[in-house]
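Structure record follows, encoded as structure tokens.
The values are calculated or read from the model by the stated rules, or taken from the named source; none is laboratory data. No experiment lies behind these values; they were computed from the predicted model shown. Cβ: placed from backbone, ideal geometry, glycine included. Neighbour counts: every protein chain shown. We work out accessible area using only protein heavy atoms, side chains counted, and drop any ligands, DNA or RNA first. Shrake-Rupley method; radii C 1.70, N 1.55, O 1.52, S 1.80 Å.
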Amino acid sequence: MNKLNFKEKTNINLLMYLAIIVVSVTILIFLDMNKFQYNYVISIIEKSLVYAVVALSMNIVTGFTGLFSLGQAGFMALGAYTTAILTIPIASRPNVYYMNGILPALENAIVPIPVALILGGVVAGVFAALIGIPILRLKSDYLAIATLGFSEIIRAVIASPMMDKITNGSYGLKSIPGFKSSLECFAYSLICIVIMILIINSSTGRDFKAVREDEIAARAVGINLFKTKELSFVVSSFFTGIGGGLLAMFMRSIDSKTFQITLTYDILLIVVLGGIGSITGSIVGAFFVTAGKELLRFFDEPLIIGGVQIPLFKPGFRMVIFSILLMIVVLFFRKGLLGGKELSFNKLMKVRRKKNLDEPGGNA
Amino acid sequence: MENVLRLTDMSIAFGGLMALDGLNLEVNKGEIVAIIGPNGAGKTTAFNCITGIYTPTSGNIEYLGESIINKEPSDITKKGIARTFQNIRLFKELSVFENVLIAMHLRYNDNIFTSTFRLNKKMEDEMREETKKLLDSQDLYKYRNDVAGSLPYGIQRRLEIARALATSPTLLLLDEPAAGMNPQETMELTSYIKKIRDEFGLTVLLIEHHMDLVMDISERIYVIDFGKLIAKGTAEEVQNNPKVIEAYLGVQDDA
């Protein structure tokens, strides 16, 4: 009987998620058809989707394996540059590399976008594997500092004159093919998110959680600590790399400044706000933060009430409001909006049923 | 009698402190052996050496005739040595079911690809079935969905033992299993340890302070003080050994 119950539960959740996907696709098709009118909304949605991918990938390593890594921007840069270099149309390459020229080997190297995205992930993953060997022996804050340093090194190397013929140095790359429609962005993000959810809920994901909960106990039940951490770090970086590639496609032009430490903080903010160790938290958080920053633009406009201009309302004020909102969230939801739990339709429905039962004569 | 575990002249030093000094110990198949000694004597350190968390400075550890020094703790667990901890170490925020399920994983060979794309479904189903059986046999099935950290102390202890059993060990190391238990619970634990020993064909090495339990259960006892073995033998021999009495009660200074 329990088994049946369990199956019913999964089915309801699966159906609801499918329903959400169908509704999202419908909305996106509608927005795409009226592209000129909803350009702004579409760009917010695309950015949120990209951030959701990166936030979830960061959550794998930080929230589910308990490794506090701040290397996100570096891995995104690796993915973004790989994707960009391999997808910029050959015809526009002389224009992009107008100052220093391009490495002859890369002149005609072009691959389809999905392949470029995966290669971007692979490059990020390989780098993660290499630096993981020394730094994953570090714990908590030390690991954070090491990954932070790595991320800055990547950025410095990309911008250095040595790399001019590959990354175009400090001039950055442009003419990167963007998303043909928001549906394309949605499809790539969805595939990444679904695979990450499958990983988190698999037996491998359970090993990650065991390491997060107690390293010594994890070893005592036969989990190889180093291999598990390395695996988690590589998988996370792989998807961060793909996220970086998606970001490059979203922005259409990138340079090394795009991948400054603030980018990592943006992602960290989403993860913490949504709830460390919550899949749905990261996704909801990505939309909340990205859309929130835009919706608050109202505070940046001058406000005139009765002929008097309110002095606070000037560019930059929205970030003050945003920070205050963040502090409120952190104060009242210490574990993030979802606090390590998942949004589940079963639970929502249970709450409703309970309410019905509580109402006098509600459910006889 | 077949030998399961043998420590020969095992020593470990932390800086200038000899935590264990030339420890010799052996455990044979099917035995229940206890290590006792005052606080800080080095009992848990011995466990940490056996399970690979510490590497001894000198000496040897043999398990089923094979040296297990310098092996990864996870590999030692795979060979069949499972343990519990003095201060319970469960995966606190995971459910009881998951706690045992994670420990089941070491017997199954899957990797990230097979597990992500659910190509290991047969294995996964088997693991879950085995977990259910084990929880059932340990009378823990009713708690399966509870978060491990929220359970009463006694149940947490039993869950930790169940988790160790999930790795299907030959040798089970119990670090103060009766800590914090009242006499009634201690009595139950005594029969429980005997029960699982027979049921799972285990060999048990335990550290304990509750003398009732130790005297009742163990075939042989080792007494350690300041890292040195000061006595060994049956419960009675040890109880009457003057060195043991001295270590536990102190020696009277006659003026």
**Asked** Which one is farthest from A:GLY277 (Cα to Cα) among residues in region A:211-220 that are under 27 Å from the mean Cα position of the chain (by Cα) and facing chain B (nearest Cβ under 8 Å)?
**Response** A:ASP214
**Message:** When you scan region B:111-121, do you find a residue that is more than 10 Å from chain A (Cβ to nearest Cβ), open to solvent by 10 Å² or more (accessible area, probe 1.4 Å), modelled with pLDDT under 95 and closer than 29 Å to B:ASP212 by Cα, even just one?
**Reply:** no
**Item:** Flag for B:MET127 being within 11 Å of chain A (Cβ to nearest Cβ) and either open to solvent by 20 Å² or more (accessible area, probe 1.4 Å) or in contact with a strand residue (DSSP E or B) (Cβ under 7 Å, 6 or more places away or on another chain) (or both)
**Value:** no
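Residue-wise test of (1) of a type in the set (Asp, Glu); (2) more than 24 Å from B:LYS79 (Cβ to Cβ).
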residue: B:PRO152; (1), (2): no, yes
residue: B:LEU172; (1), (2): no, no
residue: B:TYR192; (1), (2): no, yes
residue: B:GLU219; (1), (2): yes, no
residue: B:PHE226; (1), (2): no, yes
residue: B:ASN241; (1), (2): no, yes
**Request:** Just name the residue that is surrounded by the fewest Cβ atoms within 10 Å (Cβ to Cβ) out of those in region B:66-79 that are at the interface with chain A (Cβ under 10 Å from one of its Cβ atoms) and in contact with a strand residue (DSSP E or B) (Cβ under 9 Å, 6 or more places away or on another chain).
**Result:** B:LYS79
**Request:** Check off (1) more than 14 Å from every other protein chain (Cβ to nearest Cβ); (2) touching a residue at least 60 places away in the same chain (Cβ under 8 Å); (3) buried (at least 20 other Cβ atoms within 10 Å of the Cβ) for A:ARG252 and give me the number that stays unchecked.
**Result:** (3)
**Message:** Quick check on this structure: which one of A:ILE199, A:ILE223 is within 14 Å of chain B (Cβ to nearest Cβ), part of a loop (DSSP other than H, G, I, E, B), more than 26 Å from A:VAL330 (Cβ to Cβ) and in contact (Cβ under 8 Å) with a residue 12 or more places away in the chain?
**Reply:** A:ILE223
**Request:** Being over 31 Å from the mean Cα position of the chain (by Cα) and in a helix (DSSP H, G or I) is the filter here, so list the residues in region A:296-336 that pass it.
**Result:** none
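To keep it simple, each residue is scored yes or no on (1) of a type in the set (Ser, Thr, Tyr); (2) farther than 28 Å from A:PHE287 by Cβ.
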residue: A:ILE60; (1), (2): no, no
residue: A:PHE68; (1), (2): no, no
residue: A:ALA73; (1), (2): no, no
residue: A:TYR81; (1), (2): yes, no
residue: A:GLU107; (1), (2): no, yes
residue: A:ILE113; (1), (2): no, no
residue: A:ILE131; (1), (2): no, yes
